[in-house]
Amino acid sequence: PNYNTFINNTARSNGFGFRIVESSNNIFINNIGDSNGSYGLSLERDAVRNTFNDSTFISRVTGGGGNAAVVFIGNASNNVFNNNTLFTNITWISSEINATRNNFTNTLFSLPNGSIKFIQTFTLNSTQDITITKVNITSNNAFVNVSNLTFLNISAEISLNGLTFGNPRPTVRE
C-alpha cells in the first residue's frame, strides 16, 4: 500500500516487527516494531519516501550474523526517521548497497546501561552496519567508532545509567 498513515500500532513477533516492501509515501507515527527473531523494522524492494516519527524499534535476536538488526534497509531510499528509539543486543542498523538518502534525526540508541542520542541528522548511503561493537554503552562507558562510521562524527547526548560515584569525569579519545 502507498500513501497511508499508521498511528499507535504495535507489531510484535518472532519474525519481523514491521516489514515494508514495495510501498511508498507512508507515514508511521508512535508505533512499536518488536522482533524476537529478525528485524524490528525492515524496508525492502523499493520502499521509498516513507516517514517514521516518534516510534520504537526493537530486535531481541541473540547470536551472531544473519537477520539481527533493529532497522534493515535494503534497496530502499529517501526514507526519513525522526525522534525514534532503537533497542538491540547485536546490530542497530544494517543497510545494503542500494540503500540511499535515508535520513535519521534525533535518534536514540538505547541499552540497559544507558543511551546515545544523535540529535543532528545523519544519512545512510550504501552498505553500512552499525553494530554494538561500533556504537555501544556499557556500565561506565559510551563508545562510537567514528573511524568506521564517519557520518556519526556529530554531537550526541550520552546518558549512563546506574553510576555509583559522585564526580564523573567525561573523557574523549581522539
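The values are calculated or read from the model by the stated rules, or taken from the named source; none is laboratory data. None of these values were measured; they are calculated from a predicted model. Quick reminder, even Gly has a Cβ in these numbers, built from the backbone with ideal geometry, and neighbours come from all protein chains shown.
Among the numbered conditions (1) of a type in the set (S, T, N, Q); (2) surrounded by fewer than 16 Cβ atoms within 10 Å (Cβ to Cβ); (3) at negative phi; (4) more than 12 Å from the chain's Cα centre (by Cα), the only one that Asn8 does not meet is (3).
With out of contact with any strand residue (DSSP E or B) (no Cβ under 6 Å at 6 or more places or on another chain) and in contact (Cβ under 8 Å) with a residue 12 or more places away in the chain as the only criterion, which of Asn148, Asn113, Asn136 stands out?
On the way: Asn113 fails: out of contact with any strand residue (DSSP E or B) (no Cβ under 6 Å at 6 or more places or on another chain); Asn136 fails: out of contact with any strand residue (DSSP E or B) (no Cβ under 6 Å at 6 or more places or on another chain).
Answer to the selection: Asn148.
Restricting attention to region 1-16, the residues that are part of a strand (DSSP E or B) and farther than 19 Å from Val80 by Cβ total 4. Residues in region 119-154 that are among the small types (Gly, Ala, Ser) and within 22 Å of Arg101 (Cβ to Cβ): Ser126 only. For region 28-51, which residues satisfy the criterion of being among the hydrophobic types (A, V, I, L, M, F, W, C) and either modelled with pLDDT under 95 or under 11 Å from the mean Cα position of the chain (by Cα) (or both)? Residue satisfying the conditions is Leu41 alone.
Filter region 125-159 for residues that are surrounded by 13 or more Cβ atoms within 10 Å (Cβ to Cβ) and farther than 28 Å from Ser95 by Cα and give the result. Residue satisfying the conditions is Asn140 alone.
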